[in-house]
Amino acid sequence: MSGSAVALDVAGLTRVFDGRTVVDNVDLTLGDGEILTLVGPSGCGKSTLMRLISGLEPADSGRVRVGDRDVTKTPAEHRQIGFVFQESSLFGHLRVTQNVAFGLRHLPRSERSTRVEEMLELVQLGGLGRRYPHQLSGGEQQRVALARALAPRPRIVLLDEPFASLDEVLREDLGHQVVSILRSASTASVLVTHDRHEAMTLGDRIAVMHGGRIEQCDTPEAVYRAPATRFVASFVEVASFIPDDNGSVFVARPHHLSMTTGGNDRVVRIEFLGSGYRYTVRRADGNDAVVDMANRSDLQVGDACTVGVNAPDLHRLA
């Protein structure tokens, strides 16, 4: 985010429900035009955090700034924040053009029409303006929802698991389309997902949330190669934790490890991945290690083996 103006600055944001802290003292910044992916398991507080930022729900403590404005007490409709929900939330009785124009009622009719056409062209739905939502595919509905969110020229757009209801192939394709649209609009965005692959491939930075807290926020490369916590290490990708004689623990990815016949470790699972084979090995210390191999080994489930480390520069957890 270095060198860009700050579009969003969240400090100490906290929300408590029935004595349980759902969002716990969260700090987060977002640069102009930046795309941040927010990832974490179900129930970790991602959606609640988005609702606090957008003003759809009040925070118990903390501050939200959009640009140079403190909007902590500002109603949602005046925060300059667009929101795209998991379901498209389009108005079924309105045509596509009417849906996109919903937030433009303050504009004269001619300007409103021009802006709607611009948005439909941006999301590549220029010829579908007269259709109703039920006449569109799921992916087209979400692009209309994005056009509606972008139409009022918000400073920030929040997207809360917008691809969750789509099949895997469609969601991957739509994800890249949406990122391209957001970059074309130069709109700062937070994209919420529980899919770690989606988070790693779509964002300029990735924030990993767990138990109401953000455990790490950095570039995808930094989060993958130098995870801040054991949870981050194992959530963003399969990880094995290798101790050394000095009490340190190192993070090893499956391609960092090798496996030889004989020894005190034991094969407990074998999976075919298409590009190779994945072996889960129960090590002598009781911990599991995951090893990827290009070719099938002669080792079978239950066989004795020894796990070795191929990489000389594994990341050490603090």
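When the Cα centres of the stretch 102-116 and the stretch 66-97 are compared, how far apart do they sit, in Å? For the stretch 102-116 versus the stretch 66-97, the Cα centre distance is 16 Å. In order along the stretch 248-263, the Karplus-derived 3J(HN,Hα) couplings, from 6.51 cos²θ - 1.76 cosθ + 1.60 at θ = phi - 60°, round to 6, 10, 10, 8, 10, 7, x, 7, 7, 10, 10, 8, 10, 6, x, x Hz, and Gly and Pro are given as x. On the beta carbon distance between Ala304 and Arg20, with R0 = 41 Å, the FRET formula returns roughly 0.35. Approximating the spin labels as points 7 Å out from Cα along Cα→Cβ, the Gln124-to-Ala311 distance works out to 3.4 nm. A Gaussian network model of the chain, with springs between Cα atoms under 10 Å, assigns the largest mean-square fluctuation among Pro75, Pro220, Pro162 to Pro75. Could you tell me the center-to-center distance, by alpha carbons, between the stretch 137-186 and the stretch 261-318 in angstrom? Value for the Cα centre distance between the two parts: 39 Å. For the chain, the 222 nm mean residue ellipticity estimated from helices alone, with every DSSP H stretch of n ≥ 4 adding -39500 (n - 2.57) and the total spread over all residues, rounds to -7500 deg cm²/dmol.
Taking trypsin sites (Lys or Arg not before Pro) in DSSP loop conformation with at most 12 other Cβ atoms inside 10 Å as exposed sites, the chain has its longest uninterrupted site-free stretch at 131-295.
For the stretch 6-231, DSSP calls about 55 percent of its internal beta bridges antiparallel.
Note that the stretch 200-217 has calculated 3J(HN,Hα) couplings of 6, 9, 9, x, 6, 10, 10, 10, 9, 10, 7, x, x, 10, 8, 7, 7, 9 Hz, one per residue in order, obtained from phi through the Karplus relation 6.51 cos²θ - 1.76 cosθ + 1.60 (θ = phi - 60°); glycine and proline are x.
Between amide H atoms placed 1.01 Å from N, distances below 5 Å from Gly55 occur with no residue 5 or more places distant or on a separate chain. Among Leu56, Leu150, Leu191, the largest mean-square fluctuation in a Gaussian network model of the chain, built with springs joining Cα atoms closer than 10 Å, belongs to Leu56. Stretched out straight at 0.36 nm per residue, the stretch from Ala228 to Lys73 would grow longer than its current Cα-Cα span by 52.5 nm. Here the dipole of the stretch 178-318 is about 200 debye; that uses its Cα centre as origin and unit charges on the Cβ of Lys and Arg (positive) and Asp and Glu (negative).
The ranking of Leu170, Leu182, Leu159 by Cβ neighbour count inside 10 Å, starting from the fewest, reads Leu170, Leu182, Leu159. Derived scalar couplings between HN and Hα for the stretch 17-25 equal 10, 6, x, 10, 7, 8, 10, 10, 6 Hz in order, rounded to whole Hz, by the Karplus curve 6.51 cos²θ - 1.76 cosθ + 1.60 (θ = phi - 60°), x for Gly and Pro. Applying 1/(1 + (r/R0)^6) with R0 = 45 Å to the Cβ-Cβ distance of Thr29 and Ser248 gives a FRET efficiency near 0.90. Placing a pseudo-label 7 Å from each Cα along the Cα-to-Cβ vector at Arg153 and Leu170 gives an inter-label distance of 3.4 nm.
If the segment from Ala318 to Gln86 were pulled out straight at 0.36 nm per residue, it would be longer than the present Cα-Cα gap by 79.9 nm. Recomputing Kirkwood radius over Cα pairs in Å from the coordinates shown identifies the correct label among (i) 22.4; (ii) 21.8; (iii) 20.3 as (ii).
Close amide H contacts of Thr72 (hydrogens built in the peptide plane, cut-off under 5 Å, sequence separation of 5 or more or a different chain): Val64.
Read the figures in this text as sums done on the coordinates, not as results from a lab. On a predicted model such as this, the values are computed, not experimentally measured, just so you know. Positions of Cβ are backbone-derived with ideal geometry, glycine not excepted, and every protein chain shown enters the neighbour counts.
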